[in-house]
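K.L.:
First the structure, which I've put down as structure tokens, then a few questions once you've had a look.
The values are calculated or read from the model by the stated rules, or taken from the named source; none is laboratory data. Computed from a predicted model, the values in this text were never measured in an experiment. So basically every Cβ, Gly included, is an ideal-geometry build from the backbone, and we count neighbours across all protein chains shown.
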Amino acid sequence: MRRPRRSEDYKEFNIVKGYSDSEIRFKESKGTDVAFIFPNSYSVAVSSLAFSWVKDLLINHEVGVERFFYEKTFKKFYSLETFRPLDEYGTWLFSLQFETDILNIARILKIKGIPILSKDRNPNHPKIVIGGPVTYFNYKAPLQVADYVYRGDLEVYVKEFSRFMKGENINIPSLCSHENQDCKLAKVKDLNEMPPVGSIISPYGEFKNKLLIEVGRGCIRRCAFCMIGHIQKPARFLRPEVLKDIVSKIPKNISLGIISATITDYPWQDEFINIFSDRKVSFSSMRMDRLTEGLLKLLIKSGQKSFTVAPEGGSQKIRDILRKDISDRDIERALKLGSKVGFKKIKMYFIYGVPGETDEDLKDIVRLSLNAKRMNYEVKVSLNPLIPKPGTPFEGVKMEDAKILKEKEKFLRNLLKKEGISFHFESVKKSILQYEIANADKNEIIEILAKYVGGNI
Ligand code: SF4
């Protein structure tokens, strides 16, 4: 594509080109059948395996697909592959990873002068399709914006979906439309048939300079606040021989990012440690009750300085309400193990704003963090308000009021500051918005879009 002449467009073009040039790509993709759009920043997009995996699944079925991402200054939206502007594509496939990203989808449509609501568009407008994790538990709200919503694991109907992306009129059980709202959630039975491996390495995002491999999908646990533990059942894993074969084909100098709801629940732990014994790896989520010396050593050997755990509740009472199934003893054991292996830094995730929570429960968050500090860890605490989600035991529970959440945040901030523990609080406002979108019905989502995006609604 020729360099844009207008300086504003040139600036945008350069941002996209900068990211594009920084990528190592193992699979080329080109073509204008589908614009595959992550409605969030490049860093967030590239942290998700879906950013390359969905593209690769479609390319394997001869769909011409190029990737896009969102920045609020963008006007043209150039593709990362050929820098073609978004207007040149007839089908726009969005990956809705986070509830609030639906606002960015609406913003993109607004910027491009396209009616935000599906009912206001005509056949001259691009076909808007939304898929991704949010549609697993709420597809009716995204369907107000999309012409079609694909629900669930793409691998299941990838052949049919690819034909649909190329313009064929085809019936797919997991493709919801305004005519067919009785669409079923597609779940891959066996991850080993089409093992999800990335094809892009980027110096940005959560897994910078790493190739991603998904070793497990879904979760064997049942934490009450977590959609994965309820909607994405059963948990499915790559068998060790399949994983070994994949890893053996990746050059040794490439570091690997391992994706799984909880790596500590991978059923073949010894084989896992063996497979990665001479590789640099990183993985984020480990349960404290299942943490092993072998896994922690793997992280240390890979150069990781800090490890992350999620007690979620400071007190046993709150952990029981959250159905976290870990005890004070499990936490203490995990802290000791991390210290024994040589970790000096730890990141701990907590949830507050839980029904029945008292000041004592909040103080217990600080107590647990302080225990880690006393064991000579440099502690970073991340605190998130409870967001009751559909499809979980908290479905129908009202989220704690903003005023009370802010008071609790202040209370915790003061205590953590006093103890010299560094912390990050997720914004109460954004969390409430996330709750509202996650639980929105078709009328509520229209109100939310009108309030936050406006435009032609
Ligand atoms: S919070 Fe983690 S362990 Fe619990 S159900 Fe969700 S993914 Fe599984």
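K.L.:
Modelled with pLDDT of 95 or more and acidic (Asp, Glu) - does that describe any residue in the range 185-192?
P.N.:
The first filter runs over the range 185-192 and keeps only residues modelled with pLDDT of 95 or more, leaving 185-192.
Next cut, acidic (Asp, Glu) only: 190.
Yes: the range 185-192 contains one or more residues that are modelled with pLDDT of 95 or more and acidic (Asp, Glu).
K.L.:
If I ask for residues that are in contact with a helix residue (DSSP H, G or I) (Cβ under 6 Å, 6 or more places away or on another chain) and away from the ligand (no atom under 16 Å from the Cβ), which ones from the range 252-275 would you list? Working first, answer last.
P.N.:
From the range 252-275, those in contact with a helix residue (DSSP H, G or I) (Cβ under 6 Å, 6 or more places away or on another chain) are 261, 266, 268, 271, 273, 275; that's our starting set.
The answer is TRP268, GLU271, ILE273, ILE275.
K.L.:
Go through (1) closer than 16 Å to PHE225 by Cα; (2) at pLDDT 95 or above; (3) not acidic (Asp, Glu) and name the single condition GLY391 misses.
P.N.:
(2)
K.L.:
Could you check the range 280-300 and list, in sequence order, the residues that are within 19 Å of CYS219 (Cα to Cα) and more than 24 Å from the chain's Cα centre (by Cα)?
P.N.:
THR292 - this is the single residue of the range 280-300 that is within 19 Å of CYS219 (Cα to Cα) and more than 24 Å from the chain's Cα centre (by Cα).
K.L.:
So ASP320 fits all but one of (1) charged (D, E, K, R); (2) more than 16 Å from the ligand (Cβ to nearest atom); (3) assigned to a helix (DSSP H, G or I); (4) surrounded by fewer than 16 Cβ atoms within 10 Å (Cβ to Cβ); what number is the exception?
P.N.:
(2)
K.L.:
So which residues in the range 21-60 are surrounded by fewer than 18 Cβ atoms within 10 Å (Cβ to Cβ), at pLDDT below 95 and hydroxyl-bearing (Ser, Thr, Tyr)?
P.N.:
If the condition is that a residue be surrounded by fewer than 18 Cβ atoms within 10 Å (Cβ to Cβ), at pLDDT below 95 and hydroxyl-bearing (Ser, Thr, Tyr), then THR32 is the only one that fits.
Here is a yes/no grid of residues against (1) in contact with a strand residue (DSSP E or B) (Cβ under 7 Å, 6 or more places away or on another chain); (2) within 26 Å of TYR89 (Cα to Cα):
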residue: PRO142; (1), (2): yes, yes
residue: GLY152; (1), (2): yes, yes
residue: GLU168; (1), (2): no, yes
residue: PRO173; (1), (2): no, yes
residue: GLU193; (1), (2): no, no
residue: PHE207; (1), (2): yes, no
residue: ARG236; (1), (2): yes, no
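K.L.:
Is it the case that LEU433 is touching a residue at least 60 places away in the same chain (Cβ under 8 Å), in contact with a helix residue (DSSP H, G or I) (Cβ under 7 Å, 6 or more places away or on another chain) and under 19 Å from VAL134 (Cα atoms)? Please lay out each step first, then the result.
P.N.:
Values: touching a residue at least 60 places away in the same chain (Cβ under 8 Å): yes; in contact with a helix residue (DSSP H, G or I) (Cβ under 7 Å, 6 or more places away or on another chain): no; under 19 Å from VAL134 (Cα atoms): yes.
It is false that LEU433 is touching a residue at least 60 places away in the same chain (Cβ under 8 Å), in contact with a helix residue (DSSP H, G or I) (Cβ under 7 Å, 6 or more places away or on another chain) and under 19 Å from VAL134 (Cα atoms).
K.L.:
If you take the residues in the range 235-251 that are in contact (Cβ under 8 Å) with a residue 40 or more places away in the chain and within 16 Å of the ligand (Cβ to nearest atom), which one is farthest from PHE276 (Cα to Cα)?
P.N.:
Filtering first and then ranking leaves ARG236.
K.L.:
Find the residue count for the range 129-143, including only residues that are part of a loop (DSSP other than H, G, I, E, B) and either among the polar types (S, T, N, Q) or surrounded by fewer than 21 Cβ atoms within 10 Å (Cβ to Cβ) (or both). Full working, then the answer.
P.N.:
Just the residues of the range 129-143 that are part of a loop (DSSP other than H, G, I, E, B), to begin with: 132-133, 138-141.
Narrowing further to those that are either among the polar types (S, T, N, Q) or surrounded by fewer than 21 Cβ atoms within 10 Å (Cβ to Cβ) (or both): 133, 138, 140.
Total meeting the criteria: 3.
K.L.:
Going by the conditions given, is GLY342 surrounded by fewer than 15 Cβ atoms within 10 Å (Cβ to Cβ), in contact (Cβ under 8 Å) with a residue 40 or more places away in the chain and over 22 Å from the mean Cα position of the chain (by Cα)?
P.N.:
Details: surrounded by fewer than 15 Cβ atoms within 10 Å (Cβ to Cβ): yes; in contact (Cβ under 8 Å) with a residue 40 or more places away in the chain: yes; over 22 Å from the mean Cα position of the chain (by Cα): yes.
Answer is yes for this residue.
K.L.:
So, in the range 276-291, of the ones that are within 16 Å of the ligand (Cβ to nearest atom) and outside any strand (DSSP E or B), which residue ends up farthest from ILE254 (Cα to Cα)?
P.N.:
Keep residues of the range 276-291 that are within 16 Å of the ligand (Cβ to nearest atom), which gives 283-291.
Okay, now just the ones that are also outside any strand (DSSP E or B), so 283-285, 287-291.
On the way: PHE283: 15, SER284: 18, SER285: 21, ARG287: 26, MET288: 28, ASP289: 30, ARG290: 28, LEU291: 25 Å.
It comes out as ASP289.
K.L.:
Go through the range 380-433 and count every residue that is within 15 Å of ASP359 (Cβ to Cβ) and assigned to a loop (DSSP other than H, G, I, E, B).
P.N.:
Looking only at that region, the number is 1.
K.L.:
So, in the range 279-315, exactly how many residues are surrounded by fewer than 17 Cβ atoms within 10 Å (Cβ to Cβ) and among the hydrophobic types (A, V, I, L, M, F, W, C)?
P.N.:
Adding up the residues that qualify gives 1.
K.L.:
Among the numbered criteria (1) surrounded by fewer than 19 Cβ atoms within 10 Å (Cβ to Cβ); (2) β-branched (Val, Ile, Thr); (3) part of a loop (DSSP other than H, G, I, E, B), which single criterion is violated by VAL63?
P.N.:
(1)
K.L.:
Next question. Which of the numbered conditions does ILE228 fail, given that it passes all the others? Conditions: (1) farther than 21 Å from VAL149 by Cα; (2) of a type in the set (A, V, I, L, M); (3) modelled with pLDDT under 95.
P.N.:
With (1) farther than 21 Å from VAL149 by Cα; (2) of a type in the set (A, V, I, L, M); (3) modelled with pLDDT under 95 applied to ILE228, the lone miss is (1).
K.L.:
Can you pull out the residues in the range 110-129 that are out of contact with any Ser or Thr (no Cβ under 9 Å at 6 or more places or on another chain), among the hydrophobic types (A, V, I, L, M, F, W, C) and either within 18 Å of ASP33 (Cα to Cα) or free of Cβ contacts under 8 Å to residues at least 24 places away in the same chain (or both)? Write out each step before concluding.
P.N.:
The first filter runs over the range 110-129 and keeps only residues out of contact with any Ser or Thr (no Cβ under 9 Å at 6 or more places or on another chain), leaving 110-125.
Imposing the further condition that a residue be among the hydrophobic types (A, V, I, L, M, F, W, C) reduces the set to 111, 114, 116-117.
Of everything in the range 110-129, just one residue is out of contact with any Ser or Thr (no Cβ under 9 Å at 6 or more places or on another chain), among the hydrophobic types (A, V, I, L, M, F, W, C) and either within 18 Å of ASP33 (Cα to Cα) or free of Cβ contacts under 8 Å to residues at least 24 places away in the same chain (or both), namely ILE114.
K.L.:
OK, next. Would it be correct to say that SER369 is surrounded by fewer than 16 Cβ atoms within 10 Å (Cβ to Cβ) and not acidic (Asp, Glu)? Explain how you work it out, then say what you get.
P.N.:
On the way: surrounded by fewer than 16 Cβ atoms within 10 Å (Cβ to Cβ): no; not acidic (Asp, Glu): yes.
Considered against the rule, which asks whether it is surrounded by fewer than 16 Cβ atoms within 10 Å (Cβ to Cβ) and not acidic (Asp, Glu), SER369 comes out as no.
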